[in-house]
1. Have a look at the DSSP beta bridges in the chain and tell me what percent are antiparallel, nearest 5.
2. Picking from Gly143, Gly167, Gly87, which is most flexible by a Gaussian network model of the chain using Cα springs under 10 Å?
3. What is the set of long-range amide H partners of Val257 at a cut-off below 5 Å, with H atoms built 1.01 Å from backbone N?
4. Between Phe302 and residues 5 or more places away or on another chain, which pairs have amide H atoms under 5 Å apart, with H built 1.01 Å from N, and which residues are they?
5. Report the accessible area of Tyr166, computed with a 1.4 Å probe over the heavy atoms of all protein chains in place, in Å² rounded to the nearest 10.
6. If r is the Cβ-Cβ distance from Ala35 to Phe14 and R0 is 22 Å, what FRET efficiency results, to the nearest 0.05?
7. Starting from a Cα-only point model with no solvent, please compute log10 I(q)/I(0) by Debye for segment 120-242 at q = 0.10, 0.17, 0.18 1/Å.
8. Within segment 257-289, list the residues whose amide N lies under 14 Å from a label point set 7 Å along Cα→Cβ of Thr317.
Amino acid sequence: MSYTNSNYRGRIPFELYVRMENEFPRVAIWEKDYAWLNRIIKKPSFKEKFPNFVMKPSCASPEVMQAVHRRWMALAGARRGGANRPGPRLVTVNARGVGGGVKNTIAKRYEDELLAGDKKERLAQQAYDLLMADFDGSTPVDGGIFWNGINELALAKLVSEWNVKYGREVFGQLEATTPARYVNKQFVWEEGAFERYFREASDQLGASARGHITAVVRHGMRDDSIFTTTELPRMFRKMKANLNAGQTPEVTNITIVVIEPKTTHETVRAYTNNQIWRVPIIKKKRHFRFIGGRDSCAVKGFLPNQRMLEQFWKEQTKTQPAKHSTAALHIMKDVTTLTQWN
């Protein structure tokens, strides 16, 4: 055996831990458990030798998963809602005759071992890596839903209700069916781990999209939204890469539902495939704090025309007329709840 911690306290059963070290020795005795494990699980031979090894805690209950992800996010340096500073904080124990002992033993050891000096930075990066390693951005074929400018919690609730109604996961959405739901609205949206997580998670969501994709926006596509700047461009790049390789794109159709479009007087309108070039990109007007209605935004422009995609969809309509997605039809029936925050 190359090296093992005599005071081992890891989550992997010790016998399995020893076997793994024998099969995949550390590069040096100072290689930490986390770095070593992340390196070896990427090796093709690892799956052959340990086919049942699962690093993700995905089999845990939703309550446990929620606690784990929120803990990781705090350790990564995000600021909890209502907290004065980012990062983890110790909870005061008020039980008579217990509080002082906890504070002077467990809490002190925690601070010394994990939060002192540069250990805090290393722990923050490890916690963030765990968040991303446990993120699964895959959504059902034809069921991926994206958004901007609406109440995403209301949308998440609708997605969950639709999936229960059909008895299986038919639709998928970042805040409803991925691990992002465990931390959404629990931390302050500011530059740092929390914002970075949602941008990278959204990018993965766009990369995993398949089939007929749906988006729902209000007034138009906000010029600074993740959907406009990250998710949709990622889908376009993926589609063009498939077409350049002579393959059928994994994303075959796109429907964008616009609630109260800036360019028309309708309550809601859906645009599919070559119609999406008419969806306005909007920006906040100077003297408004946020976009809260048609009067608070202005049209900045439209999506740049993607000739390769335009031709693909044009050819596609010869054999299969463009139709709005099933998710879009569901959304258009219940747009009121998506623009209310009470």
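The values are calculated or read from the model by the stated rules, or taken from the named source; none is laboratory data. From a predicted model like this one, the values you see are computed outputs, not experimental measurements. Note that each Cβ is placed from the backbone with ideal geometry, even for glycine, and that neighbours are counted across all protein chains shown. The protein model used for the area step is the full one, side chains on, heavy atoms only, and it has no ligands, DNA or RNA in it. Shrake-Rupley method; radii C 1.70, N 1.55, O 1.52, S 1.80 Å.
1. 40
2. Of Gly143, Gly167, Gly87, the most mobile in the Gaussian network model is Gly167.
3. Excluding prolines and chain starts, which carry no amide H, the hits are Ala215, Val216, Val217, Tyr271.
4. Correct list: Ile281.
5. My reading of the accessible area for Tyr166 is about 110 Å².
6. E(calc), rounded to 0.05, equals 0.70.
7. -0.31, -0.90, -1.00
8. 271-278
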